[in-house]
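Here is the structure we will look at.
Nothing in this text is a laboratory measurement; each read-out follows from the coordinates by a stated rule. This structure is a prediction, so every number in the text was calculated from the model and none was measured. Cβ: placed from backbone, ideal geometry, glycine included. Neighbour counts: every protein chain shown.
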């Protein structure tokens, strides 16, 4: 299993991104976080850079939402070419969204906002092998 | 009716009956002056056979004939229903015996003519009969016409009525169609409102919740970074509790509007004892505060196949209510039990609390209902679990006595287990 080094966060909510960063700091996992506030920017970023180990993807975003991002991700065959795991993050507590999320390849979890230290530790243990440091 | 009218337009017919041809010819010629059809017969038999076929206005009947004389013929004419009323003028020789016989013999003869026939007398008598006939006919004609008119009027009236009825039927049909259309429209409206409500709930989840989640998180960071001091602590804590209250309200509201329809894939085998102990742990603080004594007995029905989240919220809500609405006069005792009831499990949560009066009875399951101001809460709990229970094909009811306590009974339907999730119950 890959180590959790690089995380791409796709969310239009600037304040929330601040909190995500803060929460990751609290986990002391020392991951490299990249934030993109537009799904299209995230796609451009993926085109030009190495793929992250994990993508945290918000559902409700203007212009291109999380679902549309996933469609495009599949369209470009990223899901077969890369091992990157995707975790949906949303303030929607809709059951339908939860079910829909699981129908996409590489989407492994659905986390209701706000993401907590425990959530990150759990992801780390479950998908990136290592037992939590510190 | 029409045939009758045709017969009315025909010329009147006169029958002359005499065995001597010369007599018949003389009479025929004499009667030619009238606008009438003249028939002749040479014998009584011939006369009778003609009488069957034609309607005569008048019969001139010779008395002295061989084989069947005039009297016999007259008797036969009278004995037939169709011909009994035809006027007969007997032609007779001026013979005393014959006249006596005629007078004594009731053949309904109308008149006599003595031979040799006097032309003037004959014509005047026949004329009288024809006049009477045409008068009768006219009257009959008028009568028939009147009847026809009456019948026509009736027909017209019936037709009018039929048209009216058809109009009414059409109106009724269009009203029915209109109301059907209205019902359809209302159903569509309802569906649309429902959809809008769902959309609202969705927007509320994201657009309202997202900033509140941020606020809550930012406040935590604020605290964590040590910005809180003795001076501002009270204010910060109040902001905290306000934010978390908005958050909770929103969360509950979303559940009310958008509780998911069927979540069959989440049906699990639920162990009442384990689930209730979990809930008791969650409510530990409140139970301690209330100094509640809680008794569990799930021996009669230890398990149910149900949606885990729903089962949890049912027990949690009922228990929370029991604590909230406890009586301040005595120590709170709550008994939670289960027993099987057909394909259902009956879950009972009974307390010795304040109880619910008749006025409260109808409000218990309403939205935003709080029965006293003493307790906190948003008044959505029972509304939510009622919708959840009913969506799973069950029901909830209660019995209560004021100042004695309440007993809430939930019929939980044993749902079919989803195969893929089978055995994954936590």
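Overall, the anisotropy analysis places chain A in the rounded class: the square-rooted eigenvalues a ≥ b ≥ c of its C-alpha gyration tensor yield a/c less than 1.5. A crude spin-label estimate for the pair residue A:33 and residue B:142, with each label 7 Å from Cα along the Cβ direction, gives 11.7 nm.
By the helix-only formula, in which each DSSP H run with n ≥ 4 contributes -39500 (n - 2.57) and the sum is divided by residues, the protein assembly as shown has a 222 nm mean residue ellipticity of -16500 deg cm²/dmol. Among the residues of B:149-161, the average count of other protein chain beta-carbon atoms within 10 Å of the residue beta-carbon is 0. Packing order of peptides A:56-63, B:284-291, B:84-91, A:24-31, highest average first: A:56-63, B:84-91, A:24-31, B:284-291 (average count of other Cβ atoms within 10 Å over each peptide's residues). Taken along the Cα-to-beta-carbon direction at a fixed 7 Å, the label points for residue B:169 and residue B:285 span 7.5 nm.
Full extension of the chain segment joining residue A:103 with residue A:25 gains 25.0 nm, where the gain is 0.36 nm per residue of separation less the Cα-Cα distance. In whole percent, what relative contact order does chain A give with Cα contacts below 8 Å and a gap of six or more residues? The normalised contact order for chain A reaches 27 percent.
A protection proxy built from the mean count of other Cβ atoms within 10 Å ranks the segments B:390-402, A:3-15, most packed first, as A:3-15, B:390-402. Annotation: extensible slack from residue B:161 through residue B:183 equals 4.7 nm (criterion: 0.36 nm per residue apart, minus Cα-Cα distance). Once both labels are modelled 7 Å past Cα along the beta-carbon direction, what's the residue B:403-residue A:122 spacing in nm? For residue B:403 paired with residue A:122, the spin-label model returns 4.9 nm. Each of the peptides B:130-143, B:19-32, B:70-83 was scored by the mean count of other Cβ atoms within 10 Å over its residues; in descending order, highest first, they stand as B:70-83, B:19-32, B:130-143. Calculated FRET efficiency, residue A:51 to residue B:229, Cβ-Cβ distance, R0 = 41 Å: about 0.35 to the nearest 0.05.
If the segment from residue B:297 to residue B:195 were pulled out straight at 0.36 nm per residue, it would be longer than the present Cα-Cα gap by 32.4 nm.
Looking at the protein assembly as shown, send over the antiparallel percent of its DSSP beta bridges, to the nearest 5. Antiparallel bridges: around 40 percent, rounded to the nearest 5.
Relative contact order of the stretch B:264-413, taken over Cα pairs closer than 8 Å and 6 or more residues apart, is 24 percent.
Counting, for every residue in B:215-228, the Cβ atoms of other protein chains within 10 Å of its Cβ and taking the mean gives 2.
For peptide B:315-323, the mean count of partner chain Cβ atoms within 10 Å of a residue's Cβ comes to 0.
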